[in-house]
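Structure first, commentary second.
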Amino acid sequence: MKARRQWTAVLFLFVLGDGMITQLRGALLPNFQQTFAVSEQLLGFVAPAGTLGLVATVLVVGMLSGRLDLRRMILAGTGATAVCLLLVSITPSYGFLLVVFLLQGGTVGVVRALDRPLLGHLFPERRGQLFNLYALMWALGATTGPLLANAILAIGDWRLAYLLLTGVFFAVAFVVTRLDRPSVVQAEKSLSWADLRGVLRLPSVRGMAAALVVSGAIEGTVFTWLPYYASQFFAQSTANLLLSGFLVMYVPGRLAYGFLADRLRPLNLVLSLAVVGLPMAAIAFVSGSTLGLVSGTLGLGLLVAGFFPTLSAFGVGSAPEYSGPVNAIATAANFTGLSAAPVVVGIVADRYDIATGMQLLLPALGCLVVVVVVTRIHLGRLDRSIVRA
């Protein structure tokens, strides 16, 4: 029991820091532009640079999770993340910054490929609740990211933020060196190519992946471009606070969804959130008023908070013995949307304006509704065919 609590605490600390890293990028986007003199179109590559490495690593490590030494891999990923953050703090050029973000995404991906599978095996009877609480910790870190940016910018250069986080991740790596190897690793099966094809054929896994690409696109757009868009209405420090406001709404949202996750059907929950999200996005990014922007953004944050943890728990629950590979598919799908959407928004903003780019959230939410409905219909037909058989 003590070891289970210790590993849970380490993973929660890591994901808290990961949330801070992720949201620093959006909050510091104007500073990157000022320091390196780049266009909005090039700024759009900050998000994919931070996620492409993560997606590739998550897929490789997740597929091999049943054969790996979890303690050694988590230690390596945490230590390497600290080194990458140190490199960001001394980067001499925008190109070098993107390369280091790519590497740092890969190091974070090592841990993110193994965190949810390990939590799922540590708490198999409370998987949905733990996944939402884990996502809640990420949200707390993410909320802190823009606030940290404001605090650092008030006293010095943006690079100091990354230097501070270097120390945080070195501290987490040190704690991992004091822990024993998790005792539940035998619960994870090695995956053959035939097994992988079988997992990918599961309608629940395919539906989860498609939905997470779209929900990732929604989150990626807000994470990367909300402060930039809001700076048309407010000073940069206030615009960063709005991103923190969006993310702080993840906290009550994920507390509520953690309670509801094991009481409602996951797809019904996600569908309800996406439908309500449509008018909320319109209030935030179509109304053109500061009141609409603030109220709509906060409401959207409360709703979007439930997408990733609920969908990933739904997918992992369909094949718990292969939770590593399914988690890899879920994370890769989510971060594919996170990395691709900001590039699209950057191109639209460069050609038209950032307001038009942010309004792409409306069709994205509509697409999520369609994906979830189609998945529900497919699973319903499958259930009826099994009953008839």
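Residues of region 63-76 being part of a helix (DSSP H, G or I) and either touching a residue at least 12 places away in the same chain (Cβ under 8 Å) or open to solvent by less than 40 Å² (accessible area, probe 1.4 Å) (or both), which ones? Hits for region 63-76 are Met63, Ser65, Gly66, Arg67, Leu70, Arg71, Met73, Ile74, Leu75, Ala76.
Within the group Val326, Val345, which residue is touching a Phe, Trp or Tyr at 6+ places or on another chain (Cβ under 9 Å) and either of a type in the set (Phe, Trp, Tyr) or buried (at least 18 other Cβ atoms within 10 Å of the Cβ) (or both)?
Val345
In this structure, Gln104 does not qualify as part of a helix (DSSP H, G or I) and open to solvent by 20 Å² or more (accessible area, probe 1.4 Å). The set of residues in region 235-267 that are open to solvent by 50 Å² or more (accessible area, probe 1.4 Å) and free of Cβ contacts under 8 Å to residues at least 40 places away in the same chain comprises Ala235, Thr238, Leu260, Arg263, Leu264, Arg265. Of all residues in region 324-343, those that are under 24 Å from Leu118 (Cα atoms) have Cβ atoms under 6 Å from Cβ atoms of residues that are part of a helix (DSSP H, G or I) and of a type in the set (Phe, Trp, Tyr), 6 or more apart or on another chain, in Asn334/Phe308. Considering Gly95, Gly79, Gly19, Gly50, the condition of being of a type in the set (Gly, Ala, Ser), crowded, with 24+ Cβ neighbours inside 10 Å and either assigned to a helix (DSSP H, G or I) or within 21 Å of the chain's Cα centre (by Cα) (or both) is satisfied by Gly50 alone.
Name the single residue, out of those in region 3-16 being closer than 16 Å to Met137 by Cβ and over 16 Å from the mean Cα position of the chain (by Cα), that is modelled with the lowest pLDDT. In this case the residue turns out to be Arg5.
The values are calculated or read from the model by the stated rules, or taken from the named source; none is laboratory data. These numbers were taken from a predicted model, which means no experiment stands behind them. We place every Cβ from the backbone using ideal geometry, glycine too, and count neighbours over all the protein chains shown. The area values use the complete protein model at the heavy-atom level, side chains included, leaving out ligands, DNA and RNA. Shrake-Rupley method; radii C 1.70, N 1.55, O 1.52, S 1.80 Å.
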